[in-house]
1. List, please: which pairs have Cβ atoms under 8 Å, are six or more places apart or on different chains, and start with a residue in the stretch 171-186 that is under 16 Å from residue 118 (Cβ atoms) and end with one that is surrounded by fewer than 18 Cβ atoms within 10 Å (Cβ to Cβ) and of a type in the set (Gly, Ala, Ser)?
2. Return yes when residue 69 is within 30 Å of residue 251 (Cα to Cα) and free of Cβ contacts under 8 Å to residues at least 24 places away in the same chain and no when it is not.
3. Check whether at least one residue in the stretch 205-220 is crowded, with 24+ Cβ neighbours inside 10 Å and hydrophobic (A, V, I, L, M, F, W, C), and report yes or no.
4. Go through (1) buried (at least 20 other Cβ atoms within 10 Å of the Cβ); (2) within 17 Å of the chain's Cα centre (by Cα) one by one and return the number of the condition residue 264 breaks.
5. Just checking, does the stretch 484-497 include any residue being part of a helix (DSSP H, G or I) and crowded, with 17+ Cβ neighbours inside 10 Å?
6. Is there any pair with a first residue in the stretch 245-270 that is touching a residue at least 12 places away in the same chain (Cβ under 8 Å) and over 22 Å from residue 112 (Cα atoms) and a second that is polar (S, T, N, Q) and in a helix (DSSP H, G or I) whose Cβ atoms are under 9 Å apart and which are 6 or more apart or on different chains, and what are they?
7. Taking the options 199, 204, name whichever one is over 29 Å from residue 257 (Cα atoms) and touching a residue at least 40 places away in the same chain (Cβ under 8 Å).
8. Would you say residue 230 is open to solvent by less than 70 Å² (accessible area, probe 1.4 Å), in contact (Cβ under 8 Å) with a residue 24 or more places away in the chain, in contact with a helix residue (DSSP H, G or I) (Cβ under 7 Å, 6 or more places away or on another chain) and within 30 Å of residue 476 (Cβ to Cβ)?
Amino acid sequence: MGEQALRVLACGDVEGRINALFNRVRTIQKKSGQFDLLLCVGDFFGSSAEAQAEWEEYKSGAKKAPIHTYVLGAASHETAKFFPSADGCELADNIIYLGRRGIFTGASGLQIAYVSGREGRQEPAPSHCFSPKDLSALVEPLVCSSKFKGVDILLTSQWPHGVWQYGNNPEVDPRYCGVSSIASLAYQLKPRYHFAGVEGVNYERLPYRNHLVLQENAQHVSRFIALATVNNLAKKKYLYAFNIVPMKNMDPAELVKQPQDVTENPYRRPAKDGQKPIHSAEEEPASQFFFDLKKKPQYQHHRQHQGHRGNHGNQGGQGYQGQGQGQGHLGGLGGLGGQEQGRKRQSDGEGFPDGRHQQQPKQPRKPPQPTGPCWFCLASPQVEKHLVVSIGTHCYVALAKGCLTEDHLLVLPIGHYQSVVELASEVVEELEKYKGAVRKFYKSLGKRCVLFERNYRSQHLQLQAVPVPLDKCATEDLKEAFMVQAEEQQIELMEIPEHTDLKQIAPPGTPYFYVELDSGEKLFYRIKKNFPLQFGREVLASEAVLNIPTRADWKDCKYTREEEVELTKQVRSQFQLFDFTMED
């Protein structure tokens, strides 16, 4: 690739909390080094007297932004007065208003498209709105070029309507969120990153394709990230950090790499017989989109891209967990009550009219067999059957033996695999579905989900899912707890990019410890020797997190069999609401 990646911060609605934003940026830069620019979506200014007083300090030069800051225009009538021109200008030292709409191209070649404000239907549109003509003026000069592949970054105040189709769901009511004109804009501009605000929530959609598989040449994927308001009371994530090499400087093969969890394009109309399933502004009005609302996406979490996520704010996340052999036994098939154990599997192909038989799908490879007794293979006689919570086709969930908390779970493959990096693709897919279900389960209880895996002195993969109540500590505190404990034990935990597949840095056979926080941040350590077996539990049991240090070792957390049966029954009942294996 050869080119230096730019380090970029993106921020949600500031709403006049300028000091809070820049203080946070200074803290980040002190810890992680300088970033090249800060991009702010949504409403930058606030209408309160306090917000105006803060701004006057920057406008007068008494204070200066610690980073090149680019902001969108007003998203409300009350803040339109802060923007003297629709064409963009410098508002204060290091704070630049991009303009009503346009393209900003930096010296590095990074191309940023932007549209300020909310959708307006009339002409001329109010100063805090954009009109259909604004969007046409932005799109047409770009897409008319045969060399146009897309833009690096798209900034909009409002969300694109329907962005969640085929992907993970946001914490908003889809009936009232986003506008179709922004969806049409994103469809045509194909941004690698699309940031938006104004809804007050954090939502990071799974990456989506910009091409039709097997019908069009591969193109880069797009990622939509909505960010919350600065210093929001719910502590939702409002800052996102990533690295990006401008598209024009990238190797074409590197640019079009597809992450494992890529989905269909949420803005593309489902195909009808004899029709090309392509949506564009020319084909139908921006306000008319058709989506397959019944389709349930199946995806994998492992992702890779050129950037990494910053460690700021809180949001749902997922990760891995592990427990070594000898640290506890698992329940197996017994004691499931009326739960359906069989799952849907592919049926035999039906014959063709001429008597030929449809070719059967390739059978998944048989997992390796254990060299001795295994407490975690579901078919093993050593499995304690009364601890099983849910069983799928390739994986299952069980209450952890000597559980740290009463809803501490393990997610495990049914067959014998030693670590995540050795799993067959069909096992990975179901593992990811279970992780998503566990995260939703914990969220319903008002808890964060921390997951970790320890591939060291263990012969069967266990992903440990430990819930941490939201009022115990913030995600940043969780991360700091792991880093501090690691430093004390001379363990060099490193942060890895959000979308990086673990297989890229830990080939099969590599001993490692891995943790994923609820923000999606991932910490990794390649084990050399003498790794503390209870490290993950020790961190979570510490005073800084759950404050139950006497439960750090599973062997000190003994229950009678009757108590285990009752606990499992209780967790199974609660988990069923989120268990995809229970669906018809």
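The values are calculated or read from the model by the stated rules, or taken from the named source; none is laboratory data. Computed from a predicted model, the values in this text were never measured in an experiment. All Cβ positions, even for glycine, are placed from backbone atoms using ideal geometry, and neighbour counts span all protein chains on display. Please note that ligands, DNA and RNA were not included when accessible areas were found on the heavy atoms of the full protein model with its side chains. Shrake-Rupley method; radii C 1.70, N 1.55, O 1.52, S 1.80 Å.
1. 180/287; 181/287; 184/280
2. For residue 69, the condition - within 30 Å of residue 251 (Cα to Cα) and free of Cβ contacts under 8 Å to residues at least 24 places away in the same chain - is not met.
3. No, the stretch 205-220 has no match at all.
4. Tallying (1) buried (at least 20 other Cβ atoms within 10 Å of the Cβ); (2) within 17 Å of the chain's Cα centre (by Cα), residue 264 fails exactly one: (1).
5. yes
6. Within 9 Å, the pairs are 260/425.
7. Residue meeting the stated conditions: 199.
8. Yes.
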